[in-house]
Each structure stands twice: as structure tokens, then as C-alpha cells.
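Values in this text are rule-based calculations from the coordinates and carry no lab data. Predicted, not measured: the structure shown is a model, and the values here were computed from it. Here Cβ is always computed from backbone atoms with ideal geometry, including for glycine, and neighbour counts include all displayed protein chains.
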Amino acid sequence: MLAAVGAFAIMDVTMKRLVDWYPAMQVTFLRGAASLPLLVGVTALFGEWGDLIPRRWRLHLVRGLLSVIVLWLFVFAVKRLSLADAYSIFMSAPLLITALSVPLLREHVGWRRWLAVFVGLIGVLFVLKPTGANWITLGGLAAFGAAVGYALNVLMIKMLARSDTGAATVLWALVIMTVVAGLLSIPMWETVRLQHAGWIALLGLSGALGQYLITYAFRCAAPAVLAPLEYTALAWGVLFDYVLWHTMPSARMLIGASIIVASGLYVFRREQLVSR
């Protein structure tokens, strides 16, 4: 799981660089197109082609379309925010998963977890206001929208787990995302330049590796054990911001991120206690 988070952080760095040269929707397409051959190759080596047959087409289609929106919003966010700021807001996703599981999965959430969700969203507001002069920014809203979409995506994975394999769940979302993002990017398409081939290759490799590692991680350990490790993305964000863009996190970002992480960890802990 730690390696998966690191791989996805590298993928986010490449998207942040590529969005300087190409529209966000085109970068979304490149993310899918560059990773697809690698994921299919891994399936050919270690899996069975029968694992890729989808059972619930409509849910796969909805999840694929949602993946386009989530990735486009996140690419839009990292273009305008530092990685650490974008990650801080995006880390509210586990709290949103808890909240949305009530209407979508009919799960019971006690008042303590609801309170933690509320406190975590206060932390999001801290990060959304980067300075005293400016209130909510478009980049911040995009990051929060990506978190909401990601939470819905995770809940759909839980629904698909009842009928479809993990390989089918990963592959078809990526296929649909790539096709849809490719079509939507046609009107604003920028010719892909040869000097960016290395960045695109790194995008595909890091994305495919992260997807493989996170799938393997969830086969080996319970989600409640792995989910808190996603917060290590904040450390990667701060590191890459400093090394590549010479940017240090603000006090407001650190306070907001601390509130979000503490709330998320409390929710994970309560879920473990309730499930026993």
C-alpha cells in the first residue's frame, strides 16, 4: 500500500507537469491510454482472460464516466494548487465514503463517526481558504469535487465486488475513461510532442504500477488496515512540492490537513470497533 501511494504520487507529478502543455481532459486521456497496455499485459501474464468479462455493464459504464470527471477535476486542481494542498482536500474522501455509505449502501453510521465527518469537513474549509484575502478557489473546489467523485467510485467498487472480478473492475473503468476522455478532448486537442514522451511513459508506468500494487494490497490485508496508509500521500506531496517547485506548505494547510487526517483515522478506528 505504501508503494502504491508512492507510485500514484509520481503519477500526479507527471500529470501536474503535462497539464502545463496539454488541456486537462487530454491529460486524462493520456493517463488511461498510457496505462491500458501495461494493465492488459499484466492480466495476460498473471491472470485469466475470463476474469475481464463484466457482469454489470451499466455500473461499469457509470463508474467509467465518473472516473473521467474525477480525474479531470483532480488534474484541474493540481494545475492551480500545490500537490500538498490538493492532497489535503482530497484526503476528505474517506470521510465522504462514510457519509455516502448511508444512503447508497444502507450502512449504519453512529453519531461519533458523523461528528468526525463534520469535524473533518471543517478541516477541508481551512485548506480551501489559502489566504485571508481569498476565499474558496476554483482549484480547491475541483479537488473537493474529485474527492466526492472518488468516494462514489469506491462505493461502486463495493457494489461491483458482489458480481465482478477485481481485474474487470479496474480494466473497464480505465477503458471507458480513456475512450470518453479521448472523445471529449478532440475539440481542444494539442499535438503530442516527442520531447514529452518520457513524461507520458512515466505517467502510464506509475499509474499501472500503482493500480496493480493497490489491488494486491487489498487482497492481502483488510481495508481498515490499509486505508490510513493513504494519508502518506501528504508526505509525498510536501516532498515533491519542495524538490520540484520549491514550495513549502502553509500553516493553514498543515492545520486543515491535521484535522482531516485525525478525523479520518478516528473514523477508521470506530469502524474497526463496530465491526468486531
In 10 Å bins starting at zero, report the fraction of Cα pairs in the stretch 1-145 per bin as a rounded %.
10, 29, 35, 21, 5, 0
Reachable lysines, given that their alpha-carbon falls under 22 Å from the alpha-carbon of LYS16 and they are not under 8 places away in the same chain
LYS79, LYS129
In whole percents, the bins of 5 Å from zero upward hold the Cα-Cα pairs of the stretch 63-200 as 2, 9, 15, 17, 18, 15, 12, 7, 3, 1, 0
In Å, the Kirkwood hydrodynamic radius of the stretch 27-80 over pairs of distinct alpha carbons?
13.0
Could you work out Rg/(2.2 N^0.38 Å) for the stretch 2-275, with Rg from alpha carbons only?
0.98
Please arrange THR14, THR28 by counting, for each residue, the other beta carbons lying within 10 Å of its beta carbon, fewest first.
THR14, THR28
I'd like to know which of ILE136, VAL102, GLY149 lies farthest towards the positive end of the charge dipole of the chain, counting +1 on Cβ of Lys and Arg and -1 on Cβ of Asp and Glu.
VAL102
Inter-label distance, nm, simple model (7 Å from Cα along the C-beta direction), LYS158/VAL225
2.0
For the chain, what does the helix formula give at 222 nm: sum of -39500 (n - 2.57) over DSSP H segments with n ≥ 4, over the residue count, nearest 500 deg cm²/dmol?
-26000 deg cm²/dmol
Between LEU65 and THR247, how many nm apart are label points set 7 Å from Cα along the C-beta direction?
3.3
